[in-house]
Amino acid sequence: MNVQQTNGLTIVPLAVSGFGATIIGLAPDNITTAQKKIVREAYERHHGLLCFEFENLLLADDLHTLTGIFGDNEFAPGLINGIGKKAIDGEENITIDDQVAALRNKGRDPYLAFIGNVDPNTLKVKPTDQKFYGEWEWHTDMSYIQVPPTFSLLHARIVPPTGGNTGFCSQVMAAASLPDDLRSEISTLNIKHDSTYTSSGSLRPGMSVPASPIEAPGHVHPVLRATPCGPALFLGRRTNAYVVGLPLDESEDLLNRLWSHATQKRFQYHHNWRVGQVVAWDNRMMLHMRHPVDETAARFMWRTQTKGEAVQAVTA
Ligand SMILES: [Fe+2]
């Protein structure tokens, strides 16, 4: 294992996968310019997945500083996806600027999303009888919009005793090992990424179940996208996906073959959380999912993201 020690940081490749590394030694309120450069280099060397060890919970501003190493800080998903519930109940057609101002007036941070099953104010578990969560499926966050956020970061604040691990699946590794016939079959194809359902698996407000994936709303992206670490499969989510231009049965068959290849165990890493950790991942390069958890046990994370970039197709 090639451990790197530099500028007060120790960078340890994840032992159980071909991608990702742990970074130890960063002081969240005092990250030096040299350390930021090292973190950026580490993310490319380790193909877009970094786990930061911190002794204590982070302040929101410190998480925003850490997020800013990876790109321009982006508002939380509810503000930018333009789909479904607005930040202020009952108000339609409100601009993002107005939403941000309204949130700030309420003392809320527009860059921060709360993940988990607790009330963010009381940290008490919110009872649920929900049986399925879209987070359990492999997916890429917000791939149904034109310019999906590039990096997502999660900061663990309350971790349940068991379950709730986050899986990552390298789509750079998946693309590199595509069989030649499958690679040439998809080289010029695009997938429509469905926006019907939320990550919790429920219909977005105003959406209805599409008659077929052909009719499902969502943005179209190339199947193979260019990334700083090479070509990556960009599949989004299996539900209601559609390969543009193909008859539905051929689209379903091709997607089944692609997903079967893309989600092999050899491309996966499953992260077992500890309180205080931050995991940052590049949505261009990997799928992720969350393992089920006992919904009576508290789980609470902060989530941030960076602004995206136009999805670039791989050129031959
Ligand atoms: Fe997600």
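The values are calculated or read from the model by the stated rules, or taken from the named source; none is laboratory data. Given the structure is predicted, the values throughout are model-derived calculations rather than measurements. Note that each Cβ is placed from the backbone with ideal geometry, even for glycine, and that neighbours are counted across all protein chains shown.
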Hey, can you tell me all the residues within the stretch 239-272 that are modelled with pLDDT under 95 and crowded, with 18+ Cβ neighbours inside 10 Å? N240
State yes or no: is G206 touching a residue at least 24 places away in the same chain (Cβ under 8 Å), within 30 Å of Q277 (Cα to Cα) and surrounded by fewer than 22 Cβ atoms within 10 Å (Cβ to Cβ)? no
Sort out which residues of the stretch 120-152 are polar (S, T, N, Q) and either near the ligand (Cβ under 10 Å from one of its atoms) or in contact (Cβ under 8 Å) with a residue 60 or more places away in the chain (or both), and write them in order of number. T128, Q130, T140, S143, Q146, T150, S152
Within the stretch 162-175, track down each residue that is more than 25 Å from V223 (Cβ to Cβ) and either modelled with pLDDT under 95 or touching a Leu at 6+ places or on another chain (Cβ under 7 Å) (or both). T162, G163, G164
Condition set out of contact with any strand residue (DSSP E or B) (no Cβ under 8 Å at 6 or more places or on another chain) and away from the ligand (no atom under 16 Å from the Cβ), scope the stretch 278-316, selection nearest to F132 (Cα to Cα): answer is D294
Checking H139, H155 in turn, the sole residue that is of a type outside the set (G, A, S), surrounded by 21 or more Cβ atoms within 10 Å (Cβ to Cβ) and within 25 Å of N240 (Cβ to Cβ) turns out to be H139
Which members of the stretch 185-237 meet the condition of being more than 12 Å from Y144 (Cα to Cα) and of a type in the set (D, E, K, R)? E185, R204, E215, R225
Among the residues of the stretch 209-229, write down those that are within 21 Å of V243 (Cα to Cα), among the hydrophobic types (A, V, I, L, M, F, W, C) and buried (at least 18 other Cβ atoms within 10 Å of the Cβ). A216, V223, L224
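Kindly provide the set of residues from the stretch 153-185 that are of a type in the set (A, V, I, L, M) and more than 13 Å from the ligand (Cβ to nearest atom), ordered by number.
Taking the stretch 153-185 and keeping what is of a type in the set (A, V, I, L, M), we get 153-154, 156, 158-159, 172-176, 178, 182.
Within the stretch 153-185, A156, I158, V159, V172, M173, A174, A175, A176, L178, L182 qualify.
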Helices (runs of 4 or more DSSP H) wholly in the stretch 1-113 with at least 1 residues that are at pLDDT 95 or above - which ones? 33-45, 60-68
